[in-house]
Amino acid sequence: MLPLWNDEFSVRHEIIDQQHQRLFELAHKAYKIANSHTTRNEVKGIITEFFDYMKTHFKDEEQYMQAIGYPKLEEHKRIHRALIADMASMVKNIHSANELKDKIMILAKDWLLVHILQEDMQIEKYRKESQAKNPTKEATKTFIYTCECPGKEHKLTESMHIFVKNSTQSIRCKECQQAIVFKEMLE
């Protein structure tokens with residue numbers, strides 16, 4: 001059985017963590033489908049959904065790594081490209097629903113956990129070490145964003161601001177679920 005999302009999997013980046021949580025949800029959905037009587041098309045549907053979300057997440061994660069100056073960005077991008085290629089190949093070369101179910105189990109369990117726990121945690125380790133070496137670097141500028149919540153402001157660091165500005169998706173407030181919008185920068 002797959003583990004449920006918990007703080008152990010957090011990379012301490014609200015948006016990336018939300019995306020990882022969504023990937024866990026999709027993995028659980030895939031796991032259920034793989035362990036029940038389903039058609040090949042149903043299994044392909046969840047893999048397609050997983051695949052599409054993975055591509056979006058990878059793009060956002062790469063933007064975040066660039067924003068914080070992650071030194072292993074190119075290596076991480078290669079890992080992402082290999083995962084996408086492996087998944088595309090997997091979907092193309094499946095001949096039966098049972099074979100597809102076996103592959104989806106590998107995807108849901110091994111890839112998700114291994115990638116987040118080993119690769120993505122290195123990003124958080126780098127961010128934490130960088131911040132410890134230069135604690136004023138992130139503290140110099142604060143970027144204020146607003147949403148539809150009355151009087152609510154979202155205070156973002158410079159790297160988070162760069163990430164939000166370049167994100168492929170709109171970033172939403174947890175409470176009102178509306179996109180946050182840049183208001184001003186404080187120094």
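A short reminder: the numbers here are calculations on the coordinates, not readings from a lab. If you're wondering where the values come from, they're calculated on a predicted model, not measured in any experiment. In this analysis, Cβ positions are derived from the backbone assuming ideal geometry, glycine residues included, and neighbour counts consider all displayed protein chains.
Below is a table of values for the structure above.
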quantity	calculated
Amide H contacts of HIS154 (H built 1.01 Å from N, under 5 Å, at least 5 apart or other chain)	TYR145, THR146
Between helix 73-92 and the chain: long-axis angle, C-alpha atoms, 0 to 90°, nearest 10	30 degrees
Calculated FRET value between ILE106 and LEU4, using beta carbons and R₀ = 25 Å, to 0.05	0.80
DSSP-assigned coil residues among trypsin sites (Lys or Arg not before Pro) in region 1-91, each with at most 13 further Cβ atoms within 10 Å	ARG12
Helix-only CD estimate at 222 nm, as mean residue ellipticity for the chain, using -39500 (n - 2.57) per DSSP H run (n ≥ 4)	-18000 deg cm²/dmol
Calculated FRET efficiency for the pair GLN131/GLN178, C-beta based, R₀ 30 Å, to 0.05	0.50
Fraction in percent of alpha-carbon pairs per bin - 10 Å, region 142-186	31, 58, 11
Point-to-point label distance, MET185-LYS59, nm (Cα→Cβ direction, 7 Å offset)	2.5 nm
Unit Cα scatterers, Debye sum, the chain: log10 I(q)/I(0) for q = 0.13, 0.14, 0.16 Å⁻¹	-0.75, -0.84, -1.03
Vicinal HN-Hα couplings computed from phi for region 117-131 (Karplus, 6.51 cos²θ - 1.76 cosθ + 1.60; Hz; Gly/Pro x)	5, 9, 7, 5, 5, 5, 5, 5, 4, 4, 4, 5, 5, 4, 5
Given LYS77/LYS152; LYS32/LYS128; LYS128/LYS152; LYS109/LYS155, the pairs whose alpha carbons are separated by over 31 Å	LYS77/LYS152; LYS32/LYS128; LYS109/LYS155
For ILE180, distant residues with modelled amide H under 5 Å away	ILE171, ARG172, CYS173
For the chain, size of Cβ-based charge dipole, Lys and Arg +1, Asp and Glu -1, in debye	260 debye
³J(HN,Hα), Karplus 6.51/-1.76/1.60, whole Hz, each residue of region 52-58, x for Gly, Pro	5, 5, 4, 4, 4, 4, 4
